[in-house]
Amino acid sequence: MRLNLRVIIGLVITVVTLLGYFLNTSTNPVTGEKQHVDMTASQEIALGVQAAPEMEQQYGGESQDARAVAAVQQVGQQLVQANGLNQKTEYQYRFHLLADDQTINAFALPGGQVFITQGLLKNLKTEGELAGVLAHEIGHVVARHSAQQVAKSQLTQGLTGAAAIATYDPNSPGSSVARAAAAAMIAKLVTLRFSRNDEMEADNFAVKFTPAAGYDPHAMINVMQMLKQQGGSGGQPEFLSTHPDPGNRIGELQTDIKQDYPQGLPAGLKM
């Protein structure tokens, strides 16, 4: 009887978790895609603003190089304005150059906070390459990848908890631990898979956003080649990496450019 009760509780949690995920949908204002998220744009903005100081601290704070800071902000805002993102979304786009000159990284928080380290910036050779990196991060924002990841995390945590309750055996407590650990690993691998897909989608946004601002999307290929030379995904197998291998991303970028501009790119774009 106790076993049946645990199974019932586990099933109830599973149903509630699944309903909570699949019934929470909203339409992305840029892509028109229906997404499973339970955060409003205002909540995303608040979350990003709240997290920004901590992220800055992890990378040595804001850069004191006024000229470089101005360049990052100018290119970032040019991308936002040229693509009408202030009109299409509620997000407050802010571009930050971080003082860490050893770490090669760029990332975005929900709601429009975009960051690039001096370590990455000093490895970029052209303004077009900077535009490609920032456009990629803007893509994460408009695609609401962070909000989607939060919703997916809540889904996998709920299902993992339900599985642990339903399969718990008081006569063999170690078995439930093993099952829970296996479920957690599956959940982690699923999340990594979503993360790689997010990176590919953000690359596609970079291809779409850069020409509108006067930049050649082929510059992103140069960025990928640089990342590959710098170590790419850190030597891990691509399957266990949150970022696709730069070499594979080059092929995807070339395909995206051909598909998005079948008649060729506009003339006069900056690399």
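Derivation of every value follows stated rules applied to the coordinates shown; laboratory data play no part. Note that this is a predicted model, so its numbers are computed, not measured. Neighbour counts run over all protein chains shown; Cβ positions are idealised from the backbone, glycine included.
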note = The aspartates and glutamates whose Cα lies under 15 Å from the Cα of Lys125, excluding any fewer than 8 residues away in the same chain, are Asp216
ask   = Which aspartates and glutamates have a Cα less than 17 Å from the Cα of Lys228, not counting those fewer than 8 places away in the same chain?
value = Glu129, Glu199, Asp203, Glu238, Asp245, Glu252
remark   = Note on the range 37-96: contact order normalised by length, alpha-carbon pairs under 8 Å, 6 or more apart, percent, works out to 45
query = Length gain on complete extension for the stretch Met226 to Asn248, per 0.36 nm per residue less the alpha carbon to alpha carbon distance?
reply = 6.6 nm
remark   = Expected unfolding gain across Lys125-Ala71 under the 0.36 nm per residue rule, minus the alpha-carbon gap, is 18.1 nm
note = In nanometres, the difference between 0.36 nm per residue of separation and the alpha-carbon distance of Asn24 and Lys270 is 84.4 nm
Per-peptide average of other Cβ atoms within 10 Å, ordering 210-219, 78-87, 48-57 highest first = 210-219, 78-87, 48-57
request  = Distance check, please: which entries in Lys34/Lys208; Lys122/Lys258; Lys34/Lys258 exceed 24 angstrom between their Cα atoms?
outcome  = Lys122/Lys258; Lys34/Lys258
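If R0 is 25 Å, what FRET efficiency do you get for Glu90 and Gln259 from their C-beta distance, rounded to 0.05?
Efficiency computed from Cβ-Cβ geometry: 0.30.
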